[in-house]
Structure formats: C-alpha cells, structure tokens
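Chemist: The structure is given below, and queries will be raised subsequently.
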Amino acid sequence: MNLPDDDVLTLPNADTLIAQLAAAIKPLLTENSVLVGMHTGGVWAAEHLHPLLNPAMPHGSLDISFYRDDFERIGLHAQVKPTRLPFEVEGRDILLVDDVLYTGRSVRAAMNALFDYGRPACIRLAVLIDRIGDRQLPIAADFVGAALRVPAHQHIHLVRDEDANLGLKLVDIK
C-alpha cells in the first residue's frame, strides 16, 4: 500500500486482524504448539488470540528488554515486564506474537531470549501489522494481519483501554 503525501492512512480494526490471524494459524497448530506474546502489544494480541486458537494451549509472555541490541545506548526501559513461560521451550513449536513488525530487531531479540530457555523445534511469527519497507534485518512474519506502508515520521501503536479492548493508533514521532 503506497500513500501519496496528502492521503491519511486508515488503520484496520484490531479485532478483525486478530480474527483473521486466528483463522490462518489454527489449522497449523499441533499438540506441541505454545503461544508466546512479546511485551507489551504482543502480549495483548496473544491474550485475544489464545481463546480463538485453543484455550487449552500453553501460553506465556516474553520481555526482551535485556536482549535489545540498543540496550547499552538507550538503557533499561522504565516498564520492564516479567517473562512468564510456564512450559518447557525445548522442542516446542512456538508461535511468537507481536503487534507491529518494523525493523526486525525486536523479533531478533525475542528469538535470542527464547533460546536462553531452550531450543525450540520451530518459531513462527504472527504480527497484527507488518510495516513494509523499513526492515533492517532479514526477518519476515509467517502470519500477518495487514501489511502497511507508514510514513517515516509515524509509528503504529497497539493501545488497550480499561476494558482490555484493543485498537491501533498512528502516532507522530517527536
């Protein structure tokens, strides 16, 4: 999707994207599959995906703060969240979930973190939004809700209200 400078990007509905992802992912799940959401937006998306995929499937959350390649430059994020993986990673089919795939660096950090817990049989990536044209690493999602071209001066954020409803928001970079 290419946008002329005077067009405004219309963001898709987050619940619609989650339903589309669930429909694409569900036929490929096995008894060996586990769901892992990346903090913070990926955890929110995974929480909404989980009941649509298989409520009995093990699921967890992953904080990549210490695995980022810019950790020494930017320091510790003010809101470090705990990693919670209540299952063995070794030999599992991991469905890694994030809200927006942008440069690929967060996904690389997540894979490094997961390997500290064991060697998965495979890792598949599901994202609500694939921000096309801005990748810095050779990382691609297996499941994509929507692929969007976003102006360089903007980011897409997944937001959650007090009732845990999800929405996508376009934010200008300051």
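All of the numbers you see were taken from the coordinates with simple rules; none came from a lab. For clarity, every value in this text was computed on a predicted model and none was experimentally measured. Reconstructed Cβ throughout: ideal geometry from the backbone, glycine too, with neighbour counts over all protein chains shown.
Chemist: Going by alpha carbons, how many degrees (0 to 90, nearest 10) lie between the helix axis of 14-25 and the longest principal axis of the chain?
Modeler: 40 degrees
Chemist: Another question, if that's okay. Using unit Cβ charges (K, R positive; D, E negative) and no other charged atoms, how large, in debye to the nearest 20, is the dipole of the chain about its Cα centre?
Modeler: With Lys and Arg at +1 and Asp and Glu at -1, about 320 debye.
Chemist: I've got another one for you. Testing the spin-label approximation: label points 7 Å from Cα along Cα→Cβ at Ala19 and Lys169. State their distance in nm.
Modeler: So the two model labels end up 2.4 nm from each other.
Chemist: Using 0.36 nm times the number of residues separating Thr10 and Glu31, minus their current alpha carbon distance, what extension gain do you get?
Modeler: This chain segment gains 3.8 nm when fully extended.
Chemist: Next question, about the same structure. Quick one: what Rg and Dmax do you get for segment 16-174 from the alpha carbons, in Å?
Modeler: 15.0, 45
Chemist: Next question. Counting other C-beta atoms within 10 Å, and keeping those with at most 11, which DSSP coil GluC sites (Glu not before Pro) do you find in segment 85-174?
Modeler: Qualifying residues, ordered by number: Glu90, Glu162.
Chemist: Compute the angle between helix 41-53 and the longest alpha-carbon principal axis of the chain, please, reported from 0 to 90 degrees and rounded to the nearest 10.
Modeler: 60 degrees
Chemist: Could you work out how far helix 105-117 tilts from the main Cα principal axis of the chain, as a 0 to 90 degree angle to the nearest 10?
Modeler: 10 degrees
Chemist: Follow-up question, since we're still on this one. Glu88 to Arg149: FRET efficiency via 1/(1 + (r/R0)^6), r the Cβ-Cβ distance, R0 30 Å, to the nearest 0.05?
Modeler: Between Glu88 and Arg149 the formula returns 0.15.
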